[in-house]
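Input: a single structure, listed below in structure tokens.
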Amino acid sequence: MKKIRIIALHLAFGGIEKAICSMANLFAERYEVEILSVYHMPDSPAFPLDDRVKVRWLLDDIPNREEWKAALRGHDLPGIAREGFRAARILRDKKRAVVKTIEGAEDGVVITTRPEDNVLLSRHGRPGALKIAQLHRDHAFEKELVRSIRKDYGGVDIFALLTPGLRDEAREMLRGNNTHTECVYMPNFLEHFPENTDKYPREKTVLAVGRLHEVKRFDLLIRLFCTLRPRFPDWMLRIVGEGEERETLENTIRELGAEDYVNLTGKKDAAGVEEEMLRASVFAMTSRSEGFPFVLLEAQSCALPIVAFDVRVGPGFVVQDGVNGYLAPEGDRAQFCEMLTALMGDEILRRRMSDAAIRRAAAFSREKVGEMWYSLIGD
């Protein structure tokens with residue numbers, strides 16, 4: 001049986017980590033699968049794993065960003081030096097562990113899931129192994145990442161991108177620089193679809209889900225929703241997730257006097273997120289950058305119409321504008337509000353788009369994407 005090794009940074013909550021666990025579960029149907037996770041973060045794996053999937057943790061230590069920030073805030077010079085040295089050591093050990101893992105895989109398939117590990121795979125991958133590099137986010141023409149894709153991926157056999165647009169861009173980057181690497185489209189997929197999307201009565205709630213990080217622009221979503229509140233006094237905004245922006249968002253809610261109708265729920269497990277989606281009526285995404293937003297597929301599988309900004313990639317691939325949701329031009333806040341208004345004010349429109357959302361999500365089933373993987377990897 002062919003062996004597949006997937007190298008992960010960690011297996012805590014996150015879109016990349018969810019994709020890795022789903023991939024591993026899929027591969028376990030046909031192959032011997034091992035996830036090699038650099039860090040063993042608390043409460044991980046955060047997503048269900050097939051019993052046949054082996055997990056190996058490469059390091060005993062985990063990132064110390066919070067300790068370093070605490071020392072910085074407290075002007076603790078010895079602490080800053082200590083945590084800075086520790087951070088450098090962790091990064092050094094991380095690189096060594098990943099290189100050792102790649103060099104030890106003399107056959108089968110090796111999949112890397114982060115740009116820095118893709119470069120190591122290219123440099124240290126064995127000739128007898130099929131070397132697959134993934135990009136789980138939008139490169140957004142970041143100069144260093146684009147330069148690396150052009151110059152450092154020559155030893156990679158397959159470069160897997162999440163959308164056809166990203167695949168085509170990668171092909172152009174490699175043109176004239178790399179004739180070996182094959183660029184392919186390989187989307188994320190849903191392992192689970194709700195059995196009954198009418199399980200709960202729909203509440204007048206706009207829902208958002210994600211890490212509380214500035215790239216998600218939840219602060220903007222809160223402000224936009226509050227401008228609509230006078231027209232829709234019986235609607236609520238709920239944001240599911242946790243992260244470093246919580247205090248900032250809480251301050252924004254207080255500043256706007258929105259405590260009664262804007263709620264930060266904190267982090268929830270998969271079942272909790274699904275219940276939130278099955279109870280809500282509209283899903284909103286205000287991210288400034290996305291790769292392949294898993295959460296939009298999950299929302300669609302729960303029959304939620306979506307309003308999102310049409311950033312470079314991601315939402316525009318999942319959401320069919322005017323069919324299962326709306327895409328506002330990036331930065332056009334007025335248009336975003338108009339689209340939210342249309343859905344919040346029209347139950348018939350919401351039902352029509354809900355049905356279309358379920359059909360769209362079905363295109364990213366485990367079975368359909370699985371066939372794409374199997375044709376790529378073989379027996």
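The values are calculated or read from the model by the stated rules, or taken from the named source; none is laboratory data. These numbers come from a predicted model, not from an experiment. Reconstructed Cβ throughout: ideal geometry from the backbone, glycine too, with neighbour counts over all protein chains shown.
Without any contact (Cβ under 8 Å) to a residue 60 or more places away in the chain, crowded, with 17+ Cβ neighbours inside 10 Å, not assigned by TED's automatic domain parsing to the domain that holds Leu135 and not in a strand (DSSP E or B): does that describe Leu343?
When the stated conditions are applied, Leu343 does not pass them.
Output the residues belonging to segment 167-220 that are under 15 Å from the mean Cα position of the chain (by Cα) and closer than 20 Å to Thr112 by Cα.
If the condition is that a residue be under 15 Å from the mean Cα position of the chain (by Cα) and closer than 20 Å to Thr112 by Cα, then Met186, Pro187, Asn188, Phe189 are the ones that fit.
Out of curiosity, is Gly272 surrounded by fewer than 24 Cβ atoms within 10 Å (Cβ to Cβ), closer than 22 Å to Asp168 by Cα and of a type outside the set (Phe, Trp, Tyr)?
The answer is no for Gly272.
For every residue, the table says whether it meets (1) assigned to a loop (DSSP other than H, G, I, E, B); (2) touching a residue at least 24 places away in the same chain (Cβ under 8 Å); (3) in the same structural domain as Thr252 (by TED's automatic domain parsing).
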site: Arg167; (1), (2), (3): no, no, no
site: Glu172; (1), (2), (3): no, no, no
site: His180; (1), (2), (3): yes, yes, no
site: Asn196; (1), (2), (3): yes, no, no
site: Lys199; (1), (2), (3): yes, yes, no
site: Arg211; (1), (2), (3): yes, yes, yes
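Does Met277 qualify as being surrounded by 20 or more Cβ atoms within 10 Å (Cβ to Cβ), in contact (Cβ under 8 Å) with a residue 60 or more places away in the chain and closer than 18 Å to Pro201 by Cβ?
Judged against the criteria, Met277 is a match.
Going through segment 137-165 one residue at a time, which ones are basic (Lys, Arg), in contact (Cβ under 8 Å) with a residue 12 or more places away in the chain and loosely packed, with under 15 Cβ neighbours inside 10 Å?
Within segment 137-165, just Lys151 meets the criteria.
Table: residues versus (1) assigned by TED's automatic domain parsing to the domain that holds Ala8; (2) under 14 Å from Phe159 (Cα atoms); (3) more than 21 Å from the chain's Cα centre (by Cα); (4) not in a strand (DSSP E or B).
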{"residue": "Arg92", "(1), (2), (3), (4)": "yes, no, yes, yes"}
{"residue": "Val98", "(1), (2), (3), (4)": "yes, no, yes, yes"}
{"residue": "Ile111", "(1), (2), (3), (4)": "yes, yes, no, no"}
{"residue": "Leu120", "(1), (2), (3), (4)": "yes, yes, yes, yes"}
{"residue": "Arg123", "(1), (2), (3), (4)": "yes, no, yes, yes"}
{"residue": "Gln134", "(1), (2), (3), (4)": "yes, yes, no, no"}
{"residue": "Phe141", "(1), (2), (3), (4)": "yes, no, no, yes"}
